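These notes are about the structure you will find just below.
No value in this document is a laboratory result; all are computed from the given coordinates. From a predicted model like this one, the values you see are computed outputs, not experimental measurements. For neighbour counting, all protein chains shown are included, and Cβ atoms are generated from backbone atoms with ideal geometry for every residue, glycine included.
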Amino acid sequence: MNSSDYYRERLTENMTDSLNVEYELTYAEKRKATPVFSGVLMYFPDAINTVAQCSQAGNDQHHSDKPLHWDRAKSGDEKDALTRHLMEAGTIDNDGIRHSAKVAWRALANLQKELEESGDAPLSQYNVTKQ
């Protein structure tokens, strides 16, 4: 099953309008109603950019010889690592990356894994297959 089929299956739902007429919200309608650009990227452009820099720095630290990717085998303790960085929020880590950027990255990693484990998201092409 590809990701489009997965989302179509998950996101198609019965809706009722003001006249109590049931209709089915299509995958495309649901997808178009999700404001990824205007509701996330445009709210936090500098923060998203900083998290992307954090992601690149982590890849360079662990796999400088490989293209950017998320090596899930390197660390699985998202909540503990997030908390360690949260305790130093507002400061810069010794690698030059803000602890707050590392908090955001770990929070996204944790959410992605939660969604995958609950069956609410397919794996991205950039993530390794779970064992």
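I'd like the per residue volume of the convex hull spanned by the Cα atoms of the range 35-117, given in cubic angstrom.
111
Under unit Cβ charges (Lys, Arg +1; Asp, Glu -1), what dipole magnitude, rounded to 20 debye, does the range 30-131 have relative to its Cα centre?
380
Counting Lys and Arg as +1 and Asp and Glu as -1, what is the net charge of the other residues whose Cβ lies under 13 Å from the Cβ of R98?
Value of the local net charge: -2.
So what's the net charge close to E88: Lys and Arg +1, Asp and Glu -1, counting the other residues with Cβ under 12 Å from its Cβ?
+2
To the nearest 0.05, how large is the calculated FRET efficiency for E116 and N94 if R₀ is 35 Å and r is the Cβ-Cβ distance?
Efficiency at R0 = 35 Å is approximately 0.65.
Rounded to the nearest 0.05, what FRET efficiency is calculated for R84 and R31 with R0 set to 25 Å and r the Cβ-Cβ distance?
0.10
Using a 10 Å cut-off around each Cβ, can you sort W105, W70 from fewest to most neighbouring Cβ atoms?
Ordered by Cβ neighbours within 10 Å, fewest first: W70, W105.
Taking amide H positions as placed 1.01 Å from N in the peptide plane, with prolines and chain starts having none, which residues 5 or more places from R72, or on another chain, fall under 5 Å of its amide H?
V128
Using a ≥ b ≥ c from the Cα gyration tensor of the range 78-118 (square roots of the eigenvalues), is it rounded, prolate or oblate, where a/c under 1.5 gives rounded and otherwise the larger of a/b and b/c decides, a/b for prolate?
Prolate, since a/c reaches 1.5 and a/b exceeds b/c.
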